[in-house]
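Here's the structure we're looking at; comments come further down.
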Amino acid sequence: MKVTSNSFQTSPMNSIDFGTLLTTIFVVVDDWYQKQVKKTTLLKPGVKARMSDSEIMTLALVMDYLPFPGETQKLCFIRGNYFEWFPNLLDQSQFNRRLRKLDGMLENLRRSWVEQLVGESEKYFLLDTKPLPVLGLKRDKRHSDFAANATPGWCAAREMRYFGYKLVMLSTWNGIPIAYDIVPARSR
């Protein structure tokens with residue numbers, strides 16, 4: 001930053017580069033996997049998987065940080081820029097199948113992180129909701145996929161009527177999510 005008589009010098013904003021983030025998440029995920037899961041899993045018959053469970057979970061977690069709208073673009077970004085780190089990267093359908101099998105394990109990993117971050121000392125929590133509209137209010141909902149469980153709702157913060165769901169989240173004062181659920185918009 002150039003310093004002039006009318007400006008003041010500030011320190012540059014520090015951020016972690018994507019490669020360091022990827023490495024850090026992999027190490028944490030793999031350490032957790034080796035301690036919590038590896039000992040309890042039985043050997044499965046068939047060909048050994050080329051891509052490890054730790055790699056799959058790492059990519060699933062890291063994809064939240066990539067600025068692309070779809071999973072296809074995110075996997076293409078990894079393949080194009082970090083292929084030497086993931087030489088056995090699966091195609092999208094194989095990746096999704098493996099990730100679905102690891103879904104419960106991924107949730108256990110997240111919960112263990114929350115336990116480490118929060119501990120027993122939290123006494124107060126925050127509960128907040130966010131509207132998730134799925135259809136316009138004037139559209140006929142009888143033939144919609146959402147007709148069975150989505151409902152009309154009102155968001156006071158945005159002064160908005162909508163048809164859909166609410167995201168309900170419980171978090172600590174520090175902003176660490178503890179639990180969440182998606183409920184119909186009119187639920188109490």
Going by the conditions given, is Trp85 under 21 Å from Val27 (Cα atoms) and modelled with pLDDT of 90 or more? yes
Out of region 143-176, which residues are in contact with a Ser or Thr (Cβ under 9 Å, 6 or more places away or on another chain) and at pLDDT below 80? Ala150
(1) surrounded by fewer than 13 Cβ atoms within 10 Å (Cβ to Cβ); (2) at pLDDT 85 or above; (3) over 25 Å from Arg110 (Cα atoms): which one isn't true of Cys76, the others all being true? (1)
If you take the residues in region 58-73 that are closer than 22 Å to Tyr33 by Cα and touching a helix residue (DSSP H, G or I) at 6+ places or on another chain (Cβ under 8 Å), which one is surrounded by the fewest Cβ atoms within 10 Å (Cβ to Cβ)? Tyr65
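The values are calculated or read from the model by the stated rules, or taken from the named source; none is laboratory data. The model shown is predicted, which means the values in this text are computed figures rather than measured ones. Reconstructed Cβ throughout: ideal geometry from the backbone, glycine too, with neighbour counts over all protein chains shown.
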